[in-house]
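Colleague: Right, I'll just put the structure down here and ask away after.
The values are calculated or read from the model by the stated rules, or taken from the named source; none is laboratory data. Not measured: the values here are computed from a predicted model. Glycine gets a Cβ as well: all are built from the backbone with ideal geometry, and neighbour counts include every protein chain shown. Quick note on the areas: whole protein, heavy atoms, side chains included, nothing else; ligands and nucleic acids left out. Shrake-Rupley method; radii C 1.70, N 1.55, O 1.52, S 1.80 Å.
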Amino acid sequence: NNQSLCNSISVVNNYTYLGVSQKEYEGTVSAPFFPAIYAAANFGKLSVSAGFNPIGGGGGAKYETGLPSFEMPISDLVPLLVSQGIPTTQYAADIYFEGTSIYMGYQLNLAYKLNDMISVGAGVRLVTAKNTYNGSLLNISVNPNFTTFGSQFNGTMVKANTFFTAGATFFNALPAQAAGAATQIQPIIDAGYGSTLLANGGSVGMSAQAIQGIQALLAAKGLTTAQIGAISIESAQGQLNTAGPVYLAKSAAMTGYAASTTDRYVDAEQTGMGYSPILSMNISPVENLNIGVKYEFKTKLNLNTTVFDGKGGGVFTDGQETIADMPAMLAAGVEYRPIDKFMVTGSLNYYFDKNNDYDGSSTQDINMIDKNFTEYAIAFELGLTDWFRLSAGYSGTTTGVNSEYQNDQRYSLNTGTIGGGIGLRFSPMIDLNIGAMFTNYKEGDKSFTHMLGTTGIPVKETYNKSNMLIGVGLDVYFGKK
């Protein structure tokens, strides 16, 4: 069989500096090929079966405008510059992100019929996982109106990296200028005029150009206009003598900002492999009733990261390992046929998420799960003729994650799914099944604090999804059914 799915994703963020009260980020997930092959053969009381199918991941997700976690640090540039006395009102960037995730399962099972009522089985599944990440963060720009760093910074949009590089160059040159200015006013201090206000330095022989230069140096150090207006020549010299480390620290900060606003690319993948032992039992107390129970053990899975061409984007490190264990699962299903052409089924799947490490790190222990995940379903199939069947069903899930698990790249929501299908029997050997389902996700949200420097700003994110799936399956029977 093959399943094709299309998933719409929405993340809404209300961070105050994103420019709007509620900014929505939309993504699309498409997986046109989710193929599966199953085979079973009976040899007396022994049954051998095998299967190949995707058991995890969700295809590929594409975000044409990125995600809040990418844009929020860029939006912080505006209040950051304003807090440093640099008038700025806008930011811009070209953000793109695409990720894919697929976990393939290869399974082998043996089952034995103990008697007409009970059969038992055991199997093992090999899981191979692959996640890929591609993205870019380009052309980060701001509009500083601050010609101190250069005449081109006059309120028009410029590359943030260009502005910060100019700032680093500006501050790096100031220690020598401050030392020179302090030396030049020493004769005035020696002449007994050190207590004269710097602003009145013209009265004791200082040129207007020298006074303005020292005032600019003091402003660059961080003194306010009021402090500069009230400072004496001797105090100004003291400020200049201690300004060098301050200027160099500001230059280093500008260099850091320049580095963080350069174009960044991501091209990375994570791969891993694990095994899942499986135990099962089938009970048929009467001819028209089947009850199946299965327990899948926890799959230990570590993902190894490969970064291509150094494109880690500051997020991925080549060779880094991430824990991605799959939880143990207990499943039970019931099939009942009150009449030959009408079947009712129900199932319950219980995932032991609380025993899983979802933070991905062997050195952290973040509690992300409040209760285990539960999935339940009921379905009906009616044979209208010997060759035509109709089916319909409903399934629901109840997630148990808490806010520590939820983020804009990974979140879990309660769901409700309706589905329907048809079955066509072309011959005693061949069945064709066609089905479709729609999943509605219950909206979720998360409130957290985003740090802007040393100030915490409250943020609320809202998560939503919708999913449509179409499946086509072909059943081929050899021998007696």
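Colleague: With no solvent and one equal point scatterer per Cα, compute the Debye intensity ratio I(q)/I(0) for the stretch 1-55 at 0.16, 0.18, 0.19, 0.31 Å⁻¹ and report its log10, rounded to two decimals.
Modeller: For the requested q values the scattering log ratios are -0.69, -0.75, -0.78, -1.10.
Colleague: Share of the stretch 180-264's accessible area from carbon and sulfur, percent, 1.4 Å?
Modeller: On the way: 2380 of 4260 Å².
Carbon with sulfur: 56 percent of the solvent-accessible area.
Colleague: Let me know the shape class of the stretch 357-481, please: from the alpha-carbon gyration tensor, a ≥ b ≥ c as square roots of the eigenvalues, rounded when a/c is under 1.5, otherwise prolate if a/b is greater than b/c, or oblate.
Modeller: Working: a/c = 3.71, a/b = 2.79, b/c = 1.33.
In terms of gyration-tensor shape, prolate.
Colleague: Please sort through the DSSP H helices of the chain and keep those with an alpha-carbon extent of at least 18 Å along the long axis and a Kyte-Doolittle average not below 0.5.
Modeller: On the way: long enough: 160-184 (36 Å, 0.48); 208-221 (20 Å, 0.77); 243-260 (26 Å, 0.53).
Span-like helices in the chain: 208-221, 243-260.
Colleague: With a ≥ b ≥ c taken as the square roots of the eigenvalues of the C-alpha gyration tensor of the stretch 223-351, please select rounded if a/c is under 1.5 and otherwise prolate if a/b is larger than b/c or oblate if it is not?
Modeller: Details: a/c = 5.32, a/b = 3.53, b/c = 1.51.
In terms of gyration-tensor shape, prolate.
Colleague: Please give the per residue accessible area of the stretch 199-248, computed with a probe of 1.4 Å over protein heavy atoms only, in Å². Don't jump to the answer; show the numbers that get you there.
Modeller: Numbers: 2460 Å² over 50 residues.
Normalised by residue count, the accessible surface of the stretch 199-248 is 49 Å².
Colleague: In whole Hz, with x marking every Gly and Pro, tabulate ³J(HN,Hα) for the stretch 369-377 from phi via Karplus 6.51 cos²θ - 1.76 cosθ + 1.60, θ = phi - 60°.
Modeller: Whole-Hz 3J(HN,Hα) from phi for the stretch 369-377: 10, 8, 8, 6, 6, 10, 10, 9, 7.
Colleague: Still on this structure, please answer the following. Could you list, in their original order, any pairs among 371/442; 62/130; 300/465; 62/311; 298/371; 45/298 whose Cα atoms are separated by more than 23 Å? Intermediate results must be reported in sequence, preceding the final value.
Modeller: Values: 371/442 17 Å; 62/130 17 Å; 300/465 29 Å; 62/311 18 Å; 298/371 17 Å; 45/298 29 Å.
Beyond 23 Å: 300/465; 45/298.
Colleague: Give a quick list of trypsin sites (Lys or Arg not before Pro) in the stretch 325-391 that DSSP marks as loop, anything other than H, G, I, E or B, with at most 14 other Cβ atoms within 10 Å. Don't skip to the answer; put the middle values down first.
Modeller: Numbers: sites: 341, 354, 371, 389; in loops: 341, 371.
Here the sparse-neighbourhood loop sites are 341, 371.
Colleague: While we're here: Assign one of three labels to the stretch 185-238, namely rounded, prolate or oblate, based on the Cα gyration tensor with a ≥ b ≥ c the square roots of its eigenvalues; rounded applies when a/c is under 1.5, prolate when it is not and a/b is larger than b/c, and oblate otherwise.
Modeller: Working: a/c = 1.84, a/b = 1.57, b/c = 1.17.
It comes out prolate by the Cα gyration axes.
Colleague: Can you give me the pair-distance distribution of the stretch 78-140, C-alpha pairs, 5 Å bins, whole percents?
Modeller: Using 5 Å bins, I get a P(r) of 4, 11, 10, 8, 9, 8, 7, 7, 6, 6, 5, 5, 4, 4, 3, 2, 1 for the stretch 78-140.
Colleague: Another question, then. Report the equivalent ellipsoid semi-axes for the chain in whole Å, largest first, defined as the square roots of five times the eigenvalues of the gyration tensor built from alpha carbon atoms.
Modeller: 69, 21, 18
Colleague: For the chain, what does the helix formula give at 222 nm: sum of -39500 (n - 2.57) over DSSP H segments with n ≥ 4, over the residue count, nearest 500 deg cm²/dmol? If you can, show how the numbers build up before the last one.
Modeller: Working: 7 runs with 87 residues, N = 481.
Computed mean residue ellipticity for the chain: -5500 deg cm²/dmol.
Colleague: Same structure again: Using only the Cα atoms of the stretch 1-151, construct the convex hull and provide its projected area averaged over every direction, in square nanometres to one decimal. Please list the in-between numbers first.
Modeller: Numbers: hull surface 54.7 nm².
One quarter of the hull surface, i.e. the mean projection, equals 13.7 nm².
Colleague: Given H placed 1.01 Å from N in the peptide plane, which residues other than close sequence neighbours of residue 155 have an amide H under 5 Å from its amide H?
Modeller: Close amide H contacts, sequence-distant or interchain: 145, 146.
Colleague: Say the dipole of the chain comes from +1 at the beta carbon of Lys and Arg and -1 at that of Asp and Glu; which of 34, 352, 429 then lies farthest toward its positive end?
Modeller: 429
Colleague: So, counting K/R as plus one and D/E as minus one, what does the shell of residues with Cβ under 9 Å around residue 433 add up to?
Modeller: Details: positive: 389; negative: 431, 475.
It works out to a net charge of -1.
Colleague: If amide hydrogens are placed 1.01 Å from N in the peptide plane, which non-local residues have theirs closer than 5 Å to the one on residue 57?
Modeller: Close amide H contacts, sequence-distant or interchain: 103.
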